[in-house]
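**Student:** Submitted below is the structure of interest, expressed as structure tokens.
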Amino acid sequence: MPVATLTSKGQITLPLAVRTALGLSAGNQVDFVPLDGGFKVVPVRNEVSVLKGRFAGRVKKAVSIEAMNEAIATEAAVRNR
């Protein structure tokens, strides 16, 4: 498993294998998502076009905006307890 070392300035260099797997290059941003006592590193993609087709066929019935808003509000309430 790739390992990175934290510098005194709080910086790390992502190992080449990680950068390659995430499709990252100089100037790209990553997001750190809390996950089970650790973090998941997720590349930030600013272009909506990268989402095209990503979720196609994953659900049998479309979800309404109202249902999405309710799910978001519920999760936000749980996280902010």
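The values are calculated or read from the model by the stated rules, or taken from the named source; none is laboratory data. None of the values given here were measured: they were computed from a predicted structure. With ideal geometry, Cβ positions are generated from the backbone for all residues, glycine too; neighbour counts draw on all protein chains shown.
**Student:** Pick out the one residue from V63, V50, V59 that is out of contact with any Lys or Arg (no Cβ under 6 Å at 6 or more places or on another chain), within 30 Å of I12 (Cα to Cα), at pLDDT below 90 and not in a strand (DSSP E or B).
**Tutor:** Just one listed residue meets the conditions, V50.
**Student:** Among V3, V41, which is assigned to a strand (DSSP E or B) and either of a type in the set (A, V, I, L, M) or more than 19 Å from the chain's Cα centre (by Cα) (or both)?
**Tutor:** It is V41.
**Student:** Let me ask something additional. I'd like to verify a number: residues in segment 6-21 that are assigned to a helix (DSSP H, G or I) and of a type outside the set (V, I, T), how many?
**Tutor:** At the first step, the residues of segment 6-21 found to be assigned to a helix (DSSP H, G or I) are 16-21.
Subsequent filtering for residues that are of a type outside the set (V, I, T) retains 16-17, 19, 21.
The total comes to 4.
**Student:** Filter segment 22-38 down to residues that are under 14 Å from the mean Cα position of the chain (by Cα) and either outside any loop (DSSP other than H, G, I, E, B) or small (G, A, S) (or both), then give me how many there are.
**Tutor:** Number of matching residues: 9.
**Student:** Out of segment 1-34, which residues are closer than 22 Å to R79 by Cα and surrounded by 10 or more Cβ atoms within 10 Å (Cβ to Cβ)?
**Tutor:** Correct list: V30, D31, F32, V33.
**Student:** Pull out all pairs, ordered by first then second residue, where Cβ-Cβ is under 8 Å, the residues are six or more apart or on different chains, the first lies in segment 26-48 and is under 15 Å from L16 (Cα atoms), and the second is of a type in the set (G, A, S) and outside any strand (DSSP E or B).
**Tutor:** P43/G23
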